[in-house]
Amino acid sequence: MAPWSVIRILLVLSVVVAGLLAWAVQSGRVDVPAHWNPWAPLNVAEPPNWLTGYKLQRTAAYPTLCSAVLAASTLEHTAIPDNATGDGCGWAAAVRVDDARFAPAFTLTCSAALSLAMWERHALQPAAQAHFSQPVARIEHFGSYACRNVRGAGGEGERRSQHASANAFDVAGFRLGNGRRISLVNDWEGEAAEVAFLREVRDGACRFFKGTLGPDYNAAHRDHFHLDQGPYRICR
Ligand SMILES: [Zn+2]
């Protein structure tokens, strides 16, 4: 047999096997743990893996699915009606996050709130445990919704900010369980543990948010991490 026909047979066979496998998993005939099943809904409590990015994206695309997944998480929130203001501001498929860890309450799209819940659980808390043997008790922030344009180095830009659609959240610092406070403005260039913690927290945000900007990006972000679910993938 010519080598190309062997290759062709192998290709057809692998497509058939992959198709059968996909059918068996999707129809529940083969029992795959939910976090390894691309068709199972995202569960915030499960450890992230290489399917998590895909699941987050898919969940964000379906507001009802997003509400259900967020409702099963420990992030305290309430659904709120859509609010279109007509000038490129307002929100759709958003929630009010009224969680003591994130007080005061703020409005955020379900998609960004889901990434926030994933980041808090799988990046922020493990980093605090690793560097300080403490949980994070409070996430200090500058809020989310603001009807404004992107702030460039030279003032107000032309484009609406992700904050204008409640799709972005600005984190200023953290209070640990023992009361110790770590802020971006004071500790980004602080002691070794603070420096390592804050970079790990930033890199962790890049795993769950589309856009993560901090002090390494520009002077406008020297005192906060900007976390968003906008169209652009950026991690600085
Ligand atoms: Zn921001």
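The values are calculated or read from the model by the stated rules, or taken from the named source; none is laboratory data. Only a predicted model underlies this, so the values are computations on that prediction, with no experimental measurement involved. Neighbour counts are summed over all protein chains in view; Cβ atoms, including those assigned to glycine, are modelled from backbone coordinates with ideal geometry. Protein only, heavy atoms only, side chains kept; ligands, DNA and RNA dropped before computing areas. Shrake-Rupley method; radii C 1.70, N 1.55, O 1.52, S 1.80 Å.
Quick look at the numbers
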{"read-out": "Any hit, the stretch 121-135, residues being open to solvent by 60 Å² or more (accessible area, probe 1.4 Å), charged (D, E, K, R) and either within 15 Å of the ligand (Cβ to nearest atom) or not in a helix (DSSP H, G or I) (or both)", "value": "no"}
{"read-out": "Considering residues of the stretch 162-174 that are open to solvent by 10 Å² or more (accessible area, probe 1.4 Å) and either within 9 Å of the ligand (Cβ to nearest atom) or in a helix (DSSP H, G or I) (or both) only, the residue farthest from ALA220 (Cα to Cα)", "value": "SER165"}
{"read-out": "Only one of ARG159, ARG151, ARG236, ARG207 that is more than 19 Å from the chain's Cα centre (by Cα) and under 24 Å from GLN57 (Cβ atoms)", "value": "ARG159"}
{"read-out": "Residues (in a loop (DSSP other than H, G, I, E, B), farther than 19 Å from SER111 by Cβ and open to solvent by 30 Å² or more (accessible area, probe 1.4 Å)) located in the stretch 25-44", "value": "SER27, GLY28, ARG29, VAL30, ASP31, VAL32, PRO33, TRP39"}
{"read-out": "The stretch 175-195 - residue that is open to solvent by 50 Å² or more (accessible area, probe 1.4 Å) and of a type in the set (Asp, Glu) and, of those, farthest from PHE209 (Cα to Cα)", "value": "GLU191"}
{"read-out": "Number of positions in the stretch 80-100 that are surrounded by 17 or more Cβ atoms within 10 Å (Cβ to Cβ) and either free of Cβ contacts under 8 Å to residues at least 60 places away in the same chain or among the β-branched types (Val, Ile, Thr) (or both)", "value": "4"}
{"read-out": "Hey, ARG151 within 16 Å of the ligand (Cβ to nearest atom), part of a strand (DSSP E or B) and touching a residue at least 12 places away in the same chain (Cβ under 8 Å) or not", "value": "yes"}
